[in-house]
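This report concerns only the one structure given below.
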């Protein structure tokens with residue numbers, strides 16, 4: 001693999017990209033910009049990457065066969081993504097793509113008009129755990145999938161020692177921004193990406209969201225801190241997806257099929273174990289096997305990153321996929337349609353509130369081509 005990226009934004013998440021970059025041979029950083037000059041200097045000195053004095057200068061010098069990584073705060077995503085596209089740059093955005101569906105559709109139209117790639121994090125859908133589970137579904141290990149339960153609960157975060165959470169280069173965890181943006185916009189994509197890659201478009205979202213822990217630290221208003229969604233796919237099983245920063249930590253996904261249950265317990269670990277528990281009857285009792293079998297793909301798959309904090313994810317799998325697609329002259333698996341559809345579904349869940357009811361989706365995307373090592 002090879003290619004060039006430029007980085008906009010040097011906050012907490014940028015260090016996770018740089019950690020991942022260390023295991024990706026051949027990908028170099030052309031330049032980095034952040035509007036906070038001291039943060040920019042600290043970040044670039046820590047990682048030994050070149051700093052650039054303005055966004056315009058960064059976009060002007062950026063190679064057009066490379067990818068710009070927009071790692072700014074979510075409130076700036078639309079503006080920065082639009083500027084990158086206007087400059088003729090393929091763009092990979094941290095989640096969410098934009099804070100409203102209208103803005104996301106504008107970006108999608110802008111990218112399509114300019115024949116540019118526009119992708120959105122998270123890219124764990126390209127990781128080994130997601131690809132292993134997808135392979136198991138395609139090969140019918142569990143039979144026809146009938147129901148999916150997916151959890152993205154992170155514990156009672158408002159009581160966590162989050163002021164002590166620092167990135168490797170010294171950036172604090174942006175707790176106010178996290179509480180304002182909300183756990184659904186921040187985290188739903190981790191399993192939504194997997195699900196949409198396997199089953200394609202969500203037809204209807206029936207969801208509810210609420211803020212159940214008031215008076216969080218910082219300036220509000222704050223987003224819902226819990227959401228529960230039922231997703232109806234055009235060609236897939238009914239799915240329940242739960243996000244919260246209140247309930248005890250649980251990142252499990254279970255796919256219930258005619259023959260048994262496929263499971264993975266760690267959304268944020270590319271190497272998380274995927275298992276299959278066959279359904280059986282023992283002395284008239286129906287049960288899943290208490291000794292589930294591991295489901296594995298032939299190795300090697302992709303470069304792995306050691307655990308740091310809560311995650312063991314290679315954040316550069318997405319940009320690397322885009323660079324490979326550019327080099328090979330093929331469509332990227334992280335398509336513009338994928339980014340837009342995932343954004344619409346996520347926003348529908350986040351903004352559901354108490355009385356929205358069923359929401360028909362207005363965007364569509366096809367299932368994702370599996371990685372070559374997962375076919």
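The values are calculated or read from the model by the stated rules, or taken from the named source; none is laboratory data. Computed from a predicted structure; not experimentally measured. So basically every Cβ, Gly included, is an ideal-geometry build from the backbone, and we count neighbours across all protein chains shown.
Name the residue, out of 346, 356, that is surrounded by fewer than 23 Cβ atoms within 10 Å (Cβ to Cβ), in contact (Cβ under 8 Å) with a residue 60 or more places away in the chain and in contact with a helix residue (DSSP H, G or I) (Cβ under 9 Å, 6 or more places away or on another chain).
356
Would you call residue 218 closer than 25 Å to residue 132 by Cα and touching a helix residue (DSSP H, G or I) at 6+ places or on another chain (Cβ under 6 Å)? Show your work before the answer.
Values: closer than 25 Å to residue 132 by Cα: no; touching a helix residue (DSSP H, G or I) at 6+ places or on another chain (Cβ under 6 Å): yes.
For residue 218, the condition - closer than 25 Å to residue 132 by Cα and touching a helix residue (DSSP H, G or I) at 6+ places or on another chain (Cβ under 6 Å) - is not met.
Output the residues belonging to region 309-331 that are touching a residue at least 24 places away in the same chain (Cβ under 8 Å), more than 13 Å from residue 126 (Cβ to Cβ) and in contact with a helix residue (DSSP H, G or I) (Cβ under 9 Å, 6 or more places away or on another chain). Outline the logic, then answer.
Keep residues of region 309-331 that are touching a residue at least 24 places away in the same chain (Cβ under 8 Å), which gives 309-327.
The next check asks that each one be more than 13 Å from residue 126 (Cβ to Cβ); those that pass are 309-312, 326-327.
Within region 309-331, 309, 311 qualify.
Find the strands (runs of 3 or more DSSP E) located wholly in region 63-121 whose residues include 3 or more that are surrounded by fewer than 24 Cβ atoms within 10 Å (Cβ to Cβ) and in contact with a strand residue (DSSP E or B) (Cβ under 9 Å, 6 or more places away or on another chain), and list them. I'd like the intermediate steps shown before the answer.
Numbers: elements: 67-70, 90-93, 118-120.
Per the criteria, no element qualifies.
Quick check on this structure: which one of 306, 293, 265 is surrounded by fewer than 15 Cβ atoms within 10 Å (Cβ to Cβ), free of Cβ contacts under 8 Å to residues at least 24 places away in the same chain and closer than 23 Å to residue 187 by Cα? It would help to see each step written out before you state the result.
On the way: 293 fails: closer than 23 Å to residue 187 by Cα; 265 fails: surrounded by fewer than 15 Cβ atoms within 10 Å (Cβ to Cβ).
When all the criteria are applied, what remains is 306.
Only one of 23, 13, 32, 4 is under 13 Å from residue 55 (Cβ atoms) and modelled with pLDDT of 95 or more; which? Spell out the reasoning first.
Numbers: 23 fails: under 13 Å from residue 55 (Cβ atoms); 13 fails: under 13 Å from residue 55 (Cβ atoms); 4 fails: under 13 Å from residue 55 (Cβ atoms).
Unique residue meeting the criteria: 32.
When residue 334 is evaluated against the numbered criteria (1) free of Cβ contacts under 8 Å to residues at least 40 places away in the same chain; (2) within 17 Å of residue 126 (Cα to Cα), which criterion, by number, is the only one it fails?
(1)
For region 329-347, give me the residue count where each residue is farther than 19 Å from residue 198 by Cβ and more than 15 Å from the chain's Cα centre (by Cα).
Looking only at that region, the number is 2.
Go through region 153-165 residue by residue and tally those that are surrounded by fewer than 16 Cβ atoms within 10 Å (Cβ to Cβ) and either free of Cβ contacts under 8 Å to residues at least 40 places away in the same chain or within 18 Å of residue 184 (Cβ to Cβ) (or both). Before you say what the answer is, go through the steps one by one.
Keep residues of region 153-165 that are surrounded by fewer than 16 Cβ atoms within 10 Å (Cβ to Cβ), which gives 155-156, 159-165.
Next, from what is left, pick out any that are either free of Cβ contacts under 8 Å to residues at least 40 places away in the same chain or within 18 Å of residue 184 (Cβ to Cβ) (or both): 155-156, 159-164.
Counting residues in region 153-165 that are surrounded by fewer than 16 Cβ atoms within 10 Å (Cβ to Cβ) and either free of Cβ contacts under 8 Å to residues at least 40 places away in the same chain or within 18 Å of residue 184 (Cβ to Cβ) (or both) gives 8.
What do you reckon, is residue 140 outside any helix (DSSP H, G or I), farther than 24 Å from residue 77 by Cα and out of contact with any strand residue (DSSP E or B) (no Cβ under 7 Å at 6 or more places or on another chain)? First the steps, then the outcome.
Working: outside any helix (DSSP H, G or I): yes; farther than 24 Å from residue 77 by Cα: yes; out of contact with any strand residue (DSSP E or B) (no Cβ under 7 Å at 6 or more places or on another chain): yes.
Spelling it out, residue 140 is indeed outside any helix (DSSP H, G or I), farther than 24 Å from residue 77 by Cα and out of contact with any strand residue (DSSP E or B) (no Cβ under 7 Å at 6 or more places or on another chain).
Mind counting the residues in region 29-45 that are surrounded by fewer than 16 Cβ atoms within 10 Å (Cβ to Cβ) and within 15 Å of residue 15 (Cα to Cα)? Write out each step before concluding.
From region 29-45, those surrounded by fewer than 16 Cβ atoms within 10 Å (Cβ to Cβ) are 35-38, 41, 45; that's our starting set.
From the residues that got through so far, the ones that are within 15 Å of residue 15 (Cα to Cα) too are 41, 45.
So the answer is 2.
If you go through region 243-252 one residue at a time, do you hit one that is assigned to a loop (DSSP other than H, G, I, E, B), touching a strand residue (DSSP E or B) at 6+ places or on another chain (Cβ under 6 Å) and crowded, with 20+ Cβ neighbours inside 10 Å?
No.
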